[in-house]
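Below is one structure, written out as structure tokens; the observations come after it.
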Amino acid sequence: MPRLFTGIPIPSAVAKTLLALVPDSPGLRPVPAGNLHLTLHFLGSVAETQAVTLAAALADIPTPQVSVQLSAGGVFGHKTGSGVLWVGLASSSAVDVLRSLQQQQRSIIERLGLRCEDREWQPHVTVARFQNPDQHLLQQFQNNCRHLSLSTELQSCVLWESQPTLGTSTYLERQRYPFHPQLQ
């Protein structure tokens, strides 16, 4: 069964800028630039027939093209020993559009009887993972992000399949849903 998630890819030039904020250390594992995305939903393992139905249903959500502001960096999970470094989105009407997309997808996912995460959606891009890091590295990342203000156009949403490989995951695009400039 494929492991699926929906998300919004980050343009490659922006991905390189975000990854440059991550301190160079063996204790931090940067996410490959081509894997950087804004997760909307992680579904986990899904039967192939349901994956096909989901891919078709998600195509019915019209979404305008949006420009977002990436600002501030943070840490999830450092008290547990493992976690992620992330870059967040500044609050804006664009984030409201993305929140609406996330909620519409959730309705479709639940209608199809699939599992959704229960936690509140916090729009962010994971840029690195860690296991028992030096606290100085976490603080250095946050300092690197202190004056971050980076605008980017988001062009589409993707239904991805995550295939675990040694030390990372490979993301296979199952379906792409372009955003529509004329809907703005």
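The values are calculated or read from the model by the stated rules, or taken from the named source; none is laboratory data. Worth saying up front: this structure is predicted, and the values here are computed from it rather than measured. Cβ atoms come from the backbone with ideal geometry, glycine included; neighbour counts cover every protein chain shown.
Does segment 95-114 include one or more residues that are modelled with pLDDT of 90 or more, part of a loop (DSSP other than H, G, I, E, B) and surrounded by 16 or more Cβ atoms within 10 Å (Cβ to Cβ)? Within segment 95-114 (the criterion being modelled with pLDDT of 90 or more, part of a loop (DSSP other than H, G, I, E, B) and surrounded by 16 or more Cβ atoms within 10 Å (Cβ to Cβ)), the answer is yes, since at least one residue qualifies. Residues that are touching a residue at least 40 places away in the same chain (Cβ under 8 Å) and in contact with a helix residue (DSSP H, G or I) (Cβ under 7 Å, 6 or more places away or on another chain): does segment 95-103 have at least one? No: zero hits. The residue of segment 74-94 that is farthest from Gly44 (Cα to Cα), among those that are at pLDDT 90 or above and part of a helix (DSSP H, G or I), is Ser93. Residues of segment 147-181 that are outside any strand (DSSP E or B) and out of contact with any strand residue (DSSP E or B) (no Cβ under 8 Å at 6 or more places or on another chain): His147, Leu166.
How about segment 149-160: which of its residues are surrounded by fewer than 17 Cβ atoms within 10 Å (Cβ to Cβ) and touching a Phe, Trp or Tyr at 6+ places or on another chain (Cβ under 8 Å)? I'd like the intermediate steps shown before the answer.
Filtering segment 149-160 for residues surrounded by fewer than 17 Cβ atoms within 10 Å (Cβ to Cβ) gives 149-151, 153, 155-156.
Once the filter is applied, which keeps residues that are surrounded by fewer than 17 Cβ atoms within 10 Å (Cβ to Cβ) and touching a Phe, Trp or Tyr at 6+ places or on another chain (Cβ under 8 Å), segment 149-160 yields Gln155, Ser156.
The set of residues in segment 123-148 being loosely packed, with under 15 Cβ neighbours inside 10 Å and either over 21 Å from the mean Cα position of the chain (by Cα) or aromatic (Phe, Trp, Tyr) (or both) consists of Asn132, Asp134, Gln135, His136, Gln139, Asn143, His147. Within segment 1-51, being among the hydrophobic types (A, V, I, L, M, F, W, C), surrounded by fewer than 16 Cβ atoms within 10 Å (Cβ to Cβ) and more than 19 Å from Arg129 (Cα to Cα) holds for Met1, Ala13, Ala47. Here the condition is being touching a residue at least 24 places away in the same chain (Cβ under 8 Å) and either over 17 Å from Ala33 (Cα atoms) or among the charged types (D, E, K, R) (or both); of Phe130, Phe179, it holds for Phe179 alone.
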